[in-house]
Each structure stands twice: as structure tokens, then as C-alpha cells.
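Enquirer: Dropping the structure in here first, questions after.
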Amino acid sequence: MKILLSGFLLSLAISQAETERVYFGTGGREAKGIYQATFDSEKGELSPPSLAAEVKSPGFLAWHPSGKALYAVANTPDGAGVVAYTLDDKGFLTLLNTAPIGDGGGAHVAVHPSGKLLLTAQYGGGSTACFQLEVDGKLSGPATLHEHEGGSKVVGNRQNSPHPHWCGFSPDGNFAFVPDLGMDGIMIYKVDAEKGAIAKHGFAASVPGGGPRHMRFSVDGKFIYLLNELALSVSTFAYDADKGMATLLTTTSALSEAVKAKEAFNSASEILVHPNGQFVYSANRGNDSVTAYRANPKTGELTVTEVEPIRGAWPRNINLDTTGNWLLAAGAQSNTISIFDIDQTSGELTFQRGKIINVPVSICILFGR
């Protein structure tokens, strides 16, 4: 009887490990808030989505490190703000509290590994906001705003002023990074986790006119891969963890100039690093595709291996499941989530026909904890 019971528990554990929740941040009138679905990592299938929380324009989402709270930058009654939620056993979200950012255009959100502070990047306002977090995950008090200054002015109308677009932390949590599309570089902040605060530390200049959007660290923490929205390219930086500084090394184009010339408008949106450290992916709006790269572990240089269409329109976001076997692409203008199998040797993508689900104006994919 004990042997049978042990076998049953093992089967149950395996079954549970193969399924995880996925949350979708959305924008636009067609969307009602944050949606959720379950992902079967064995079959590469998503369940039909359901509304997890009703809220206006919950763009990007982030987890508290405990996995017990989820945050969204959204439109609140007090304007652009952050909304904090707790989760029930079925994955539905219950409002914990909200806090105004105090500046317009919240574009991205990230939580420090300590769980003591949260950052947002304001594309429209030109600032980075820092919130303190309470032990239970609640947002505590007003945000401290750090204004970005200047603009490279290389690309007219897009780079006349600062436009922070992403925020995140170094692997050791000692520094925060905010790529700024208008400034053509990355603002770097020193983190004081105990005080729940950040302070300006440095600036890493990128390619002129590139328009930095999002970034990721290499698995070993030696390199930063910075996605340039305007140029549709990825710049590799060497990262000095002791000094908290980054130095530009190389830049790789996501699409050829000939391909870009055939499109009325295009821009890059998201970048990912595969858990094995060998592959990098970036999404191309307009071309409606994902570019796959192989990463040189010694130099950080990227080489394009393929450009795969997403079978949807305007991939605002892409993400990898926790196994690293699947890539999901959110077509914001087609209201679709498409699924791709990842070849673990080459990193190439294979479209999973018949497995697309519909999520209205999805602009963020966040796998559950």
C-alpha cells in the first residue's frame, strides 16, 4: 500500500511540475485587465484564458520573490500607478493595494531580489520611480522619483528627451539598470536594499540612434545584452560586477537593412536569454518575427541563426517557459499568443500549429511561480 501511495504522489508531483500558470498584461479598450491561463510544458499547450483581475491597462507584470504577490503598472483612479495583488489557489488575483507613481507613462516594473523595493520606468515622464515594499508585499508610501536628463537627439521626435523603458537588477542585486531610449544608454543606480532606495551611480553609453529598450544579463553575469528598439539590434556590453559599470563591445543587427527597407515601420520590443546561456532571442515588430542568436561565451558576441515569423501581428512581448523548451510570442495587434518549440542544440524555433490562443492586446507574458 505504501509503495502504491508513493508511486501516486510521485506521479502527482510530475504532473504538477508539467503545468504552470501564465499571466498576461494587456492594454487597449478590448482588454479588461490581467488574464491567466495554464501552460502544459510537456505538450506545449495553453489553456483557454480567463480574466484574473479587472484593471485598466495593466502593462508589464512582475513577481515578488516570495511568489505570493504580483505587481502591475496600470492606470489607477490616481493616474499611472502600481497595483499589488495576492493570489488564491486557483491563480485569481485579489487587490492588496495601489500606489501612484507620481509621473506619467509607467512602462515597466521590477522587484528587487530582497523583496524590499520595487522600481518602475516611466517612458512618458522620463523618470525611474522607487517604491519601498512591506513584508507582506504591500506598496509602502509614495515613490521616490529619479529624473533622467537629456537626449541624444539622433532620431528626431524619439530622442529629444529621456525615455526610460525597462528596469531591472544585476544578478547580485547591488545595482539597478534602466535603459533609456532617448538618452542612447543605460542609467545605472546603486541599490541600498535595507533602506529600500537607489542612488545614481553611472551611465553606459550605447550606439548613437539605437534607442535602448530592454536588456538582459548573460547567465554567467559577465555580459549585458541591450536591445536597441530604433535600430533593431542588440549591443553586447562587458559587465564589471565590482564597479557596477558596463562597456560596449559589439552590436549585432536583428534584421538586414534590405528587410527593414521593405517595411513602412518596424521596431524591436523584447530580448531574452535562454537558461543554457547559449541562445538569445529578440522580437521584431513590423517584421512580426523573432530573431534567434547564438552567443559566444567568451566574447559575448551574437550571431544570428534564424528569423522566425510569429504567425501574428506586432510581437510586443516574448517569454520562455521555466523549462526553457518553449517560447511564447504575444501578438498585440492580432490578439494572439503563439507557441514555439526550442531546439536545445541549435536554439532554432519550430511553430506549434493549432496551439494559438487569443488574449486581447497582450503586451506582457509572465510565467507563474
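Enquirer: Within segment 255-267, is even one residue assigned to a strand (DSSP E or B), touching a Ser or Thr at 6+ places or on another chain (Cβ under 8 Å) and at pLDDT 95 or above?
Expert: The first filter runs over segment 255-267 and keeps only residues assigned to a strand (DSSP E or B), leaving 267.
Next cut, touching a Ser or Thr at 6+ places or on another chain (Cβ under 8 Å) only: none.
Checked segment 255-267: no residue is assigned to a strand (DSSP E or B), touching a Ser or Thr at 6+ places or on another chain (Cβ under 8 Å) and at pLDDT 95 or above.
Enquirer: Any residue that is in contact (Cβ under 8 Å) with a residue 60 or more places away in the chain, within 22 Å of the chain's Cα centre (by Cα) and surrounded by fewer than 24 Cβ atoms within 10 Å (Cβ to Cβ) - is there at least one of those in segment 249-271?
Expert: Here is the first cut: in segment 249-271, the ones in contact (Cβ under 8 Å) with a residue 60 or more places away in the chain are none.
No, every residue in segment 249-271 fails to be in contact (Cβ under 8 Å) with a residue 60 or more places away in the chain, within 22 Å of the chain's Cα centre (by Cα) and surrounded by fewer than 24 Cβ atoms within 10 Å (Cβ to Cβ).
Enquirer: Identify the residue in segment 70-105 that is surrounded by fewer than 19 Cβ atoms within 10 Å (Cβ to Cβ) and hydrophobic (A, V, I, L, M, F, W, C) and, among all such residues, is farthest from Ile365 (Cα to Cα).
Expert: Leu95
The rows are residues; the columns are (1) without any contact (Cβ under 8 Å) to a residue 24 or more places away in the chain; (2) among the small types (Gly, Ala, Ser); (3) within 26 Å of Glu18 (Cα to Cα).
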position	(1), (2), (3)
Asp40	yes, no, yes
Asn75	yes, no, no
Asp78	yes, no, no
Val82	no, no, no
Phe92	no, no, yes
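Enquirer: Tell me, which strands (runs of 3 or more DSSP E) wholly within segment 120-235 include 1 or more residues that are over 21 Å from Ala268 (Cβ atoms) and hydroxyl-bearing (Ser, Thr, Tyr)?
Expert: Values: elements: 127-133, 139-147, 175-180, 185-192, 197-205, 212-217, 223-228.
Once the strands (runs of 3 or more DSSP E) in segment 120-235 are filtered for at least 1 residues that are over 21 Å from Ala268 (Cβ atoms) and hydroxyl-bearing (Ser, Thr, Tyr), what remains is 127-133, 139-147, 185-192.
Enquirer: Follow-up question, since we're still on this one. Taking segment 165-196 only, how many residues are crowded, with 24+ Cβ neighbours inside 10 Å and among the aromatic types (Phe, Trp, Tyr)?
Expert: Here the count works out to 2.
Enquirer: Right, here's the next one. Grab the strands (runs of 3 or more DSSP E) fully contained in segment 323-369, keeping just those with 1 or more residues being over 20 Å from Phe24 (Cβ atoms). Steps first, please.
Expert: On the way: elements: 326-331, 336-342, 349-351, 362-367.
Passing ranges, in order: 336-342, 349-351.
Enquirer: A follow-up question, please. Test Asp220 against the stated conditions and say whether it is surrounded by fewer than 16 Cβ atoms within 10 Å (Cβ to Cβ) and more than 30 Å from Leu95 (Cα to Cα). Write out each step before concluding.
Expert: Details: surrounded by fewer than 16 Cβ atoms within 10 Å (Cβ to Cβ): yes; more than 30 Å from Leu95 (Cα to Cα): yes.
Against the criterion (surrounded by fewer than 16 Cβ atoms within 10 Å (Cβ to Cβ) and more than 30 Å from Leu95 (Cα to Cα)), Asp220 qualifies.
Enquirer: Checking the structure you have, find out if any residue of segment 45-67 is among the charged types (D, E, K, R), at pLDDT below 95 and out of contact with any Pro (no Cβ under 8 Å at 6 or more places or on another chain).
Expert: no
The values are calculated or read from the model by the stated rules, or taken from the named source; none is laboratory data. Here the structure is a predicted model, which is why all the values come from computation and not from measurement. Heads up, the Cβs are rebuilt from the backbone with ideal geometry, glycines too, and the neighbour counts pull from every protein chain shown.
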